[in-house]
Each structure stands twice: as C-alpha cells, then as structure tokens.
Amino acid sequence: MPESDAKRAKHTRIATTTTTTTMDDDDETMTMTMMTIDEDLHSRQLAVYGRESMRKLQNSRVLIVHAKGLGCEIAKNVILAGVRGVTIADDGRCATDDLAAQFYASEADVAAGKTRSEACVGKLQELNPAVDVCAHVGVVDASVISRHDVVVCTETCEREARRVNEACRASGKPIAFIKADTRGVFGSVFCDFGDAFTVYDTDGEDALSCIMASVSCDSPALVTCIEDERVELQDGQRVTFSEVRGMTELNGVTAVVKNVKKHSFELDLDTTNFSPYVGGGIATQVKETKTLAFKSLSQAIDEPGDFLLSDFAKMERSPQLHLAFGALDAFVEKYGAPPIPGSDADADKFVAEAEALNATRNSVESVDKDLLKIFAKVSRGYISPMAAMFGGIVGQEVVKACTGKFHPLFQWFYFDSVESLPETLTEADLAPAGDRYDGQVMCFGKAMQEKIMTQKTFLVGAGALGCEFLKNFACMGLACGESGRVTVTDDDTIEKSNLSRQFLFRDWNIGQGKSVCASAAAKMINPTLQVNALENRVSPDTEDVFDDAFWEGLDVVVNALDNVNARLYVDSRCVYFQKPLLESGTLGTKCNTQMVIPNMTEHYGASRDPPEKSAPMCTLHSFPHNIDHCLTWARSEFEGCYEKAPAEANAYLSKPEEYASAALANPDASMRENVEKVAQVLLKSSCSTYDECVAWARTQFQEHFYDKIMQLTFTFPEDAVTSTGSPFWSAPKRFPRPVVFSTEDASHVTLVRAMANLKAESCGIARPAAGVNDDAALVALVSKVNIVPFEPKKGVKIETDPKANAATSNLPEGIDDEAVIKELLEKLESARAALGSEYRLNVIEFEKDDDSNFHMDAIAGLSNMRARNYEIPEVDKLKAKFIAGRIIPAIATTTAMATGLVCLELYKVFNNAKIEAYRNTFANLALPLFAMAEPIAAKTDKFKDLQWSIWDRWIIEGDVTVAEVLAHFAEKGLTVYSMSVGQSLVYNDIFPRHAERKGQRVSELVQTIAKLEIPAKRRHFDIVVACEDEEGEDVDIPLVSIRFR
C-alpha cells in the first residue's frame, strides 16, 4: 500500500485520545489511555457489546502464542473487535503446509524463510490501525506475560502451556489464560480466568420487563400483567419496580419472582401492609452478576469437571477427546512428531499411548479405539474451516476475558467433525505432496483435494459471511483448479461500518463494490483461485444473468445473505435445479446454519420464523408505552415528511394533468391523503428561505409535542372511562403531557436545527451558519417565530382500536373526500405557475450511517420528545440508530465460527454423505451454547408405486398437446382436471370451451393465454397440474416441466 494511503487509513480509523491515567502496578508504571469509540466503524459491534465493554476492550492487550491458522484467526477477530494491542509470538518459520489455513502467509514467505510472526503482523495491522500489533521474538517469559491482560496459547505442548498458565496466575494481576488447538477435524479449548472472575452480563440479552395491571396486598404478593404481552420471566429471577401508583412502597424494591404464569407471577414479598394498588407500574428484571472460580490447567487436566457439549448425539465424546489430546502430547514427546497421516501402525501406537495415559488419569471407563485411530491418522492435518470455527470461539472468549461481558467457557470444550472425513483414510492418500494444500491433504487425502479444486460454487453475498467464506475457499483450494469456478455476486458497496467485521476490505475500498474487492483480496491469499465477481442481485429480475445454464452448471450454492426474502429465492432456485444449498446467518453472538441437500433434507423455506409482532397503529400514533414505539413513529414521520411527501409532490409536478385526472377518477380516502401530502409541501409548508425552514421546524415541534398532545388529552381526559366503565388511561396506556419549547433546552434546539436543515435540503435552500454550529443565530431565528395558541377542536376522531390499520386522521368525521381533493387540486393549479415548470423537491431517503446528514439527529430528537410527552425513558443517538435504523448486531467472531461450521459441511457434500452425517447448528457464543442436530428429512408423498418430494419435478418430453398431457397422467392412474401457469388457466375440464384446446400444443397456449415469455435459450416451461385419483380425491403432484425444444 502506498505510504499516503497508509497514513490516510490510520487517520480515518484511529480514535481520538481523550484522557490519560497513570497507574502504579507492582513498581511498574502503566499508562492507560482512554480513547473515544469510533461509532461509525463499530456501530454493529456496539449493538452487541455496549460502550462500557468497548472501552474495556480498548484498554486490553492480548498475547497470542503461535500464529498458524488458528492463531491468525484469533488475532484477526480480536483486532477487529478493537483491543488496545495484540502481540504475536511465533519464531517458527513459515511452512508450506501452513498455507492450508494461515491466510496471511504466502508461498513467497515460505521461500524467504520468514517467521510466522513476520509474515502476518503487517497484514494484521491493516485490519485496524487503532490497535497496536507487534511481534515478540524469543521466549515468552513472565515479563512478557505481565504486559498483557489475556494470553492465548495455540498449538502449544502441555508442559509449555502449564508454564505459561502458572505465570499468568503468579503475575500479581488478573491475566486470563486460554489454550486452544485444532488437529485435523478435532478441536480443543481450555479457559482459566482466575480464582474470582466477575461476569457482569451472563447472556447479553436486554432486561425483561412487564407492564403491571394489578398487585395484591398479600403474602406472597400476586402481580398481574397486561394481557397484550406474555410474561417471560423465570422462577428465581429478581425484579425491581417503578412507576407504581398507590402501592408506592413497591417502587425501588427488588424481589424474587416465583410461580410464573402466562400473565402473572408471585413475589417472595409480603405486601399485606402496603398501600392499595391504584395503577401503573413496570417490573424490570435485575441483571445479575456472577463470580466464577476457575481451575488452573494443571488441576483441570486431571479434574476436568463438566465439558461444554456441542452435539447431543455424542454425549460421551468429550472425555475421549480429552484423553486423545493428552495422548497426542505424550506421543509427540515420545516419538518426536505426531502420528504419520493415515498410518495404521502409528494409529495403533497412539492408542497404546492413550490407554497408558488413561491408566493414570482415569479419563474414561473404556478407550474408544476406533475414534482415537481416526484422531491419530488426521492429527497432522490442519484445515481452514476448523481454524475459522475455533478462531471465532476463542476470539469471543478473549473479549469475555477483557470485559466480563457474557459467560465464559467453563472450562473445557471439545469438538469433532469426523463425519466430514472420507470413509477410508490410507497412508498413501494422506501423504503430503509438498504443496500449499498439504495441511488439508493430511486430513482428507489427495482424491478429495482434487475434487475440491474442480468444484463450481455459487457464493451469494460478499459481506461479512462472504469475506470469511472466500478466505476459507482460497485456503481450502476450492475452485483453484483449471476447471473449478467460484461465482460470487453482491450488488452492495463497501461502507465504513463494514470494516469492523468484513475483514477483506480496507479504508481505501470504501465506495467500491463488495464482490469485486473481496474477490481480489481472496486471490491475494491464493492466486490460483478461479473467482468470477458479479454485482447483480439474485432475484427474478436477474434470471437472464443467472439463467438455466448457470444453475445447471453448479455443484453447490453457499448463501451469505442478510435478508429472508433473498434466501427464500435462492432456496427456490436450488430446489428447482436440485443443487445443495449451505445456509447460514448471524445475529450478534448467535448463529444458525442449515444444510439443504437435494432429495434428502427439507428446504430452507419449509419452516419459517413467526413474523415479528408489530405495534398497532393507534399505539404508535397516540398511545406509545416504550421507546421502540416512539422511534418507529419518528422514522415514519421522517419518511413521510422528507421522502414520501416530496416524492408525491414531484409526481404531481411532473404530470399535473394526469395526476389530477387520476385523483378525481378515484376520490377515496387514500387518494385524498396523497393529494393532502402534495398540498402540504407545495402550499402549506413551502419554504424559499432558511428562516422559513426554521419557522416551519419550530411550528412542527409545537404541533407534534404540544398541540396534538393537548388535543389528545382534551378528547380523552385523565379521568376518561371506556364504555364498560373502566379507566381509559389504564396500562399499557400512559397519560401524556405536552412539552413546552425552550431555547434553553439543547435537545429542543438540536431537533429544530435538524428538521430545518432537512427541510432546506428538500427545498434546495443553502444552509447558513445557524444550520451548522451557530446556536445563537439559530435561537435568534427561532425566537422570531410566531406560535399560534392552541385551541382544542371538538369532534376529532382519534383511533383507539388496536385492530385498525389506518393512522389517526385528526380530522372531523364526515369528510367529503372528493370535495377536499377538488379544492386542493384547484389551489395547487393556481400555485404551480409561480413554481415554474422545472421545479422539483429533493427526495431524502433515510441514511443512518452518515452523522453529517442530520437524519439521526431528527429521528432521535423526534422520538425523545415523544418519549418525554409520555414519560418514557429517552435514549441517546446511538441507541436510536440501532432501533430506528434496524441495525442487525454483528461481530467478527460469530461470523468466523458460522463459516467454519458451514465449510465443514462442504466436505460432506463432496463426500456424497448420507443425511445422518450432516449437522444443522444453532450456537450462541454469549452463553456459550452449541446445539447441533441432524437435518429434518424432506417430506415425501406417495401414490401407488410413485413417490416424490419437494425436490422432484416431473418432466414431459416433447412439444405435447393438452390431450397428450392428459394421456400421460392417465397412464399413472391420475385424471387431470386443470392446468395453469401463474394466474392463467390453460385448461380446466369444467369449461366446455376448453375441450377445444385438447388438440393444441401446451407451448402455444401458455404463450397466447398466459402471456408467458419463454427465452430463446430455455428448452422447457413449467405448468401446475391439478389432478385426482380414481376416487375423486386430489393428489398433490410435483411441478411439471414440459421440455418442448
């Protein structure tokens, strides 16, 4: 990279130093520099960790011992997380077989004799210039260890690991120790965070809360909650109370809940002598801290305790692997090297070592010789998917050690993917060939390697998951042969917020296409990677790009998408063309992987999550009771005011006559609202100067947060009752109070500035100093605005029905929509001449990640003023961005783990494995939790001797007539009564005239009746055939394809 680019990168990524604190630590003076958090860079990560944990990370230093694939993966993830410094300690020379997993070492580094530290430190530094990345040369002694907060040992023998662990414990300050290793398809992690490690947040979930409906004066007290929401608390959790009216003694009290029901729970509390409950109240879960006492490595080897499980089909596997890793250490100490790949003789020796070790440690009742032989045969193997998976797991444990955020791994975790291996492992096939794939060959063999290199793979998405996949593909040699190909597509461009987890991108790539940059970076890892980068979205609109020939030429599809609709479309294509689909997704510390295998498993679309519960319109517009409601309303107001209304006005201005004709032809309430939007921006709120924009913004403030609230409380006073006599303002409704504007309140001024600036942008007005940073000038402009005193209106309808999907009209009932439309169109026609024929408004689309555009200032301000109306706790702009911007929490550790898991499944695809070999996974690194299970088999249907599933398509050869199709199914014992394409009926036996179509070719009918356009290069078309059996019962058959060309 040119020096100028490097300087620019460092300038844009390094956070600003704010305070420096000097601390005495055992005669050594340590300087702690507090740095501001780059929220543009780390926004998705902040959504997971929060500011406090991020600050702790920024003051933590991590030492990583050995930098093969696993060490490099851990370093990458920790550096992206934003620690203070990372030290790489590995004096070993780069070896050819390192390249199967070490993505920052190259063949040139091997030839030059560079150490692994030298090969990777510079490239690791590029990931985040705000982190100090350096190499340590020499012995890792106590003085080196003491300068760090976490020490991670990878590929370290047991004796050396014990020494380092003891040095961490003896250092005089808390230093966390982690030991991790991968051997072939086997992996191990051990954590020791000291004798008294405090976990401040065990799961990372928001505190649960319940809106109360009543509390009894009893022992135990019974708390009843509103029926709108289910109580999600669990017995034994503690809650604290606020906003309780009447029984005010409860406010601020913490109590244990028990006997939790759907809408109630009891308190381990006597409220007999408390004041009677009147109303209101929120019960909020108390997030408990937890202190853990870890064993040292020496103690835990002999007394491992409970293991963290990953696969409940392998309940007894962890003790066997605990023994296997110990036996490997003994084997290497005795014979000088791990067992020879695939060697039966060495495998027998290894089992003997394991049995001898088990005699002293008593790890298992009976040694699983078959498992340990497999372990021995692949123990020299080193593969990228395992490094990626364990790099994610260990990277997250480092973050936990630095911050106390999330529950640590306590203390052993073992994992294997023996199902990924070929059925036979021979010494000849696993013998290394002296090339970059040796690490993988020593695990899977040459035959598998050759197959991997010829695969034709479609990677959909080049974001966080896509970058990790491409790195894994390059290391694995996937599509690195002449006949192999990886096609990657992504229509998105790189933004700054991507850089904290999409590790193939750098600052200088911002604005460039993701797929192109990611592909170029992957080829730097392995120049032989045959990758074709496209920038097309995969959708029905691009079926001319991703046509039949494209899909038919694929071997496997890997999704790296971030939305359900795109996943469903790719899933449908894979089912149609019978291609394996490897699916994955992440959400903060959680990840999910699903294997979709033709003719074996159910497809992705077979099961879906329930739709997210949305708040009723009346709640958002008049009765919010949490900040999410306020932010949803604020974003809706933003889009309506600055995007939808200007767009509607432009539609009118571009073709006024056509617009007016259409409006008068259909003069309903919806059309009236559209015309009102046009009138609002062109007549009532049209601005020509910045002063007018400020006046408009100040008036909007008054209307939203004073006038409308006064009108609401006039229509429904605090003592209002429902038709049944119950209080109208009962939970979850909160009685609102107006906000009185004050130039002394900075939040008021900030909101008016943001709204005025956006209005000016919409109207094409230049922004003066008052719109940027001159508060005095802005206050002066605001002070000139004449505010009309509020007068309540009678007869205003305010929607209170939760089932209504229309917004509050705030208009008197009995409005004549057509009359209103005519009147407004006449006024618009009169005003249009003064605007000029070329006049248009600027349409502003919401963009959350640009802090200079005032979008989030407006939305955060609008939501917080509304929250102030209803006495709802306000949030800062970052939290507002998370909610209103619908930001998906994302971190590099989870992404790496997910892609590692998926790539382990790829080997199974190449092996043509049976369904019982595959694993779908749900994991949550915060807990940590791993739940692996065999995929669900595809549902099959039967009729006589026929059997089919969603994966089947029935193909009829030839340019057949309708009668020939009927005869084709009659031979199967089925009577066709209908054939259709899309919404069009091609044939149905209930229509007498359709009998005339029996002699016509189906290909002609679908084109003339259904208007189906069949591309010239497509040889077939699809029809839906409905048929019944001899007894008149419907038989649901597969999609039918007619190959007519």
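The values are calculated or read from the model by the stated rules, or taken from the named source; none is laboratory data. Every value quoted in this text rests on a predicted model; they were computed, and no experiment measured them. No Cβ is skipped: glycine too gets one built from the backbone with ideal geometry, and neighbour counts run over all protein chains shown. Just the protein is used for accessible areas: all its heavy atoms, side chains included, with ligands, DNA and RNA removed. Shrake-Rupley method; radii C 1.70, N 1.55, O 1.52, S 1.80 Å.
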Inset, instruction - Output the residues belonging to the range 353-393 that are among the hydroxyl-bearing types (Ser, Thr, Tyr) and either at positive phi or touching a Lys or Arg at 6+ places or on another chain (Cβ under 6 Å) (or both). - result: Ser379
Legend entry - Test: residue in the range 115-123 that is assigned to a loop (DSSP other than H, G, I, E, B) and in contact with an Asp or Glu (Cβ under 8 Å, 6 or more places away or on another chain): no
Inset, instruction - Could you check, for the range 242-250, whether at least one of its residues is under 17 Å from Ile211 (Cβ atoms), small (Gly, Ala, Ser) and touching an Asp or Glu at 6+ places or on another chain (Cβ under 9 Å)? - result: no
Legend entry - Hits in the range 324-338 - residues which are open to solvent by less than 40 Å² (accessible area, probe 1.4 Å) and under 11 Å from Phe350 (Cβ atoms): Ala324, Ala327, Leu328, Ala330, Phe331, Pro338
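Which members of the range 172-186 meet the condition of being in a loop (DSSP other than H, G, I, E, B) and closer than 20 Å to Gly392 by Cα? Walk me through how you get there before you give the answer.
Of all residues in the range 172-186, those in a loop (DSSP other than H, G, I, E, B) come to 172-175, 184-185.
Answer for the range 172-186, where residues must be in a loop (DSSP other than H, G, I, E, B) and closer than 20 Å to Gly392 by Cα: Gly184, Val185.
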Legend entry - Per-region count, the range 279-313, residues exposed (fewer than 13 other Cβ atoms within 10 Å of the Cβ), in contact with a Lys or Arg (Cβ under 8 Å, 6 or more places away or on another chain) and charged (D, E, K, R): 3
Inset, instruction - Scan (1) touching a residue at least 12 places away in the same chain (Cβ under 8 Å); (2) open to solvent by 40 Å² or more (accessible area, probe 1.4 Å); (3) not polar (S, T, N, Q) for the single condition Tyr870 breaks and write down its number. - result: (2)
Inset, instruction - Among the residues of the range 360-374, write down those that are of a type in the set (Gly, Ala, Ser) and either open to solvent by less than 70 Å² (accessible area, probe 1.4 Å) or modelled with pLDDT under 95 (or both). - result: Ser363
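Would you pick out the residues in the range 997-1045 that are closer than 19 Å to Asp547 by Cα and in a strand (DSSP E or B)? Lay out the reasoning, then the answer.
Of all residues in the range 997-1045, those closer than 19 Å to Asp547 by Cα come to 1012-1023, 1039-1045.
Across the range 997-1045, the qualifying residues are His1020, Phe1021, Asp1022, Ile1023, Leu1039, Val1040, Ser1041, Ile1042, Arg1043.
Tell me which residues, restricted to the range 558-615, are among the basic types (Lys, Arg) and not in a helix (DSSP H, G or I). Walk me through it before giving the result.
From the range 558-615, those among the basic types (Lys, Arg) are 567, 573, 579, 590, 608, 613; that's our starting set.
Within the range 558-615, Lys579, Lys590, Arg608, Lys613 qualify.
Just wondering, is there one or more residues in the range 540-551 that are of a type outside the set (D, E, K, R) and part of a loop (DSSP other than H, G, I, E, B)?
Narrowing the range 540-551 to residues of a type outside the set (D, E, K, R): 540, 542, 545-546, 549-551.
Right, trim to part of a loop (DSSP other than H, G, I, E, B) and you get 545-546.
Yes, there is a match, as at least one residue in the range 540-551 is of a type outside the set (D, E, K, R) and part of a loop (DSSP other than H, G, I, E, B).
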Inset, instruction - Please work out which one of (1) under 30 Å from Ala1016 (Cβ atoms); (2) free of Cβ contacts under 8 Å to residues at least 60 places away in the same chain; (3) surrounded by fewer than 23 Cβ atoms within 10 Å (Cβ to Cβ) is the condition Val556 fails and give its number. - result: (2)
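Restricting the range 818-838 to residues that are open to solvent by less than 70 Å² (accessible area, probe 1.4 Å) and more than 16 Å from Gln680 (Cβ to Cβ), which is modelled with the lowest pLDDT?
Just the residues of the range 818-838 that are open to solvent by less than 70 Å² (accessible area, probe 1.4 Å), to begin with: 819-821, 824-825, 828, 831-832, 835-836.
So of that shortlist, the ones also more than 16 Å from Gln680 (Cβ to Cβ) come out as 819, 836.
Details: Ala819: 91, Gly836: 85.
Among them, the one singled out is Gly836.
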Inset, instruction - Test Asp195 against the criterion of being closer than 30 Å to Leu904 by Cβ, surrounded by fewer than 17 Cβ atoms within 10 Å (Cβ to Cβ), at pLDDT 95 or above and not β-branched (Val, Ile, Thr), and give yes or no. - result: no
Inset, instruction - May I ask you to list the residues in the range 397-453 that are farther than 23 Å from Asp181 by Cα, under 30 Å from the mean Cα position of the chain (by Cα) and among the charged types (D, E, K, R)? - result: Lys405
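Somewhere in the range 759-777, is a residue within 16 Å of Leu862 (Cα to Cα) and in contact with an Asp or Glu (Cβ under 9 Å, 6 or more places away or on another chain)? Write out each step before concluding.
Here is the first cut: in the range 759-777, the ones within 16 Å of Leu862 (Cα to Cα) are 759.
Filter once more, so that each one left must be in contact with an Asp or Glu (Cβ under 9 Å, 6 or more places away or on another chain): 759.
Yes: the range 759-777 contains one or more residues that are within 16 Å of Leu862 (Cα to Cα) and in contact with an Asp or Glu (Cβ under 9 Å, 6 or more places away or on another chain).
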Inset, instruction - Inspect all residues belonging to the range 630-647 and state whether any of them is under 20 Å from Leu835 (Cα atoms) and β-branched (Val, Ile, Thr). - result: no
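Quick check on this structure: which one of Leu631, Leu587 is open to solvent by 10 Å² or more (accessible area, probe 1.4 Å) and either small (Gly, Ala, Ser) or under 27 Å from Ala47 (Cα atoms) (or both)? Give the steps one after another, and end with the answer.
On the way: Leu631 fails: open to solvent by 10 Å² or more (accessible area, probe 1.4 Å).
Leu587 is the lone residue from the list that is open to solvent by 10 Å² or more (accessible area, probe 1.4 Å) and either small (Gly, Ala, Ser) or under 27 Å from Ala47 (Cα atoms) (or both).
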Inset, instruction - Sort out which residues of the range 107-124 are in contact (Cβ under 8 Å) with a residue 24 or more places away in the chain and open to solvent by 30 Å² or more (accessible area, probe 1.4 Å), and write them in order of number. - result: Glu107, Arg116
Legend entry - Test: Thr224 is open to solvent by 50 Å² or more (accessible area, probe 1.4 Å) and either among the polar types (S, T, N, Q) or closer than 25 Å to Phe735 by Cα (or both): no
Legend entry - Scope the range 382-421; condition within 20 Å of Leu323 (Cα to Cα), hydrophobic (A, V, I, L, M, F, W, C) and surrounded by 24 or more Cβ atoms within 10 Å (Cβ to Cβ); matching residues: Met386, Phe390, Phe413, Phe415
Inset, instruction - Residues being over 16 Å from Glu703 (Cβ atoms) and in a helix (DSSP H, G or I): count how many of those fall in the range 621-641. - result: 8
Inset, instruction - Filter the range 918-952 down to the residues that are part of a strand (DSSP E or B) and in contact with a helix residue (DSSP H, G or I) (Cβ under 7 Å, 6 or more places away or on another chain), then identify the one that is most open to solvent (accessible area, probe 1.4 Å). - result: Ala937
Inset, instruction - Residue by residue through the range 355-371, note down the ones that are over 22 Å from Gln299 (Cα atoms) and not hydrophobic (A, V, I, L, M, F, W, C). - result: Ser366, Asp368, Lys369, Asp370
Inset, instruction - Hey, could you check the range 778-800 for residues that are closer than 29 Å to Arg840 by Cβ and outside any loop (DSSP other than H, G, I, E, B) and say which is most open to solvent (accessible area, probe 1.4 Å)? - result: Leu781
Inset, instruction - Give the residues of the range 785-800 that are within 47 Å of the chain's Cα centre (by Cα) and hydrophobic (A, V, I, L, M, F, W, C), sorted by residue number. - result: Val785, Ile787, Phe790, Val796, Ile798
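What is the residue count in the range 244-278 for residues that are touching a Lys or Arg at 6+ places or on another chain (Cβ under 9 Å), closer than 26 Å to Thr289 by Cβ and either charged (D, E, K, R) or surrounded by 15 or more Cβ atoms within 10 Å (Cβ to Cβ) (or both)?
So the first thing to find is which residues in the range 244-278 are touching a Lys or Arg at 6+ places or on another chain (Cβ under 9 Å), and the list is 254-257, 262-263, 265-268, 277-278.
Going one step further and asking which of them are closer than 26 Å to Thr289 by Cβ, we end up with 254-257, 265-268.
From what's left, either charged (D, E, K, R) or surrounded by 15 or more Cβ atoms within 10 Å (Cβ to Cβ) (or both): 255-257, 265-268.
Qualifying residue count for the region: 7.
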Inset, instruction - Taking Arg162 as meeting all but one of (1) touching a Ser or Thr at 6+ places or on another chain (Cβ under 6 Å); (2) closer than 30 Å to Pro732 by Cα; (3) open to solvent by 10 Å² or more (accessible area, probe 1.4 Å), write down the number of the exception. - result: (2)
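Would you call Met442 touching a Lys or Arg at 6+ places or on another chain (Cβ under 7 Å), buried (at least 23 other Cβ atoms within 10 Å of the Cβ) and not small (Gly, Ala, Ser)?
Working: touching a Lys or Arg at 6+ places or on another chain (Cβ under 7 Å): yes; buried (at least 23 other Cβ atoms within 10 Å of the Cβ): yes; not small (Gly, Ala, Ser): yes.
Spelling it out, Met442 is indeed touching a Lys or Arg at 6+ places or on another chain (Cβ under 7 Å), buried (at least 23 other Cβ atoms within 10 Å of the Cβ) and not small (Gly, Ala, Ser).
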Legend entry - Filter result for Ala464 (open to solvent by 10 Å² or more (accessible area, probe 1.4 Å) and within 26 Å of the chain's Cα centre (by Cα)): yes
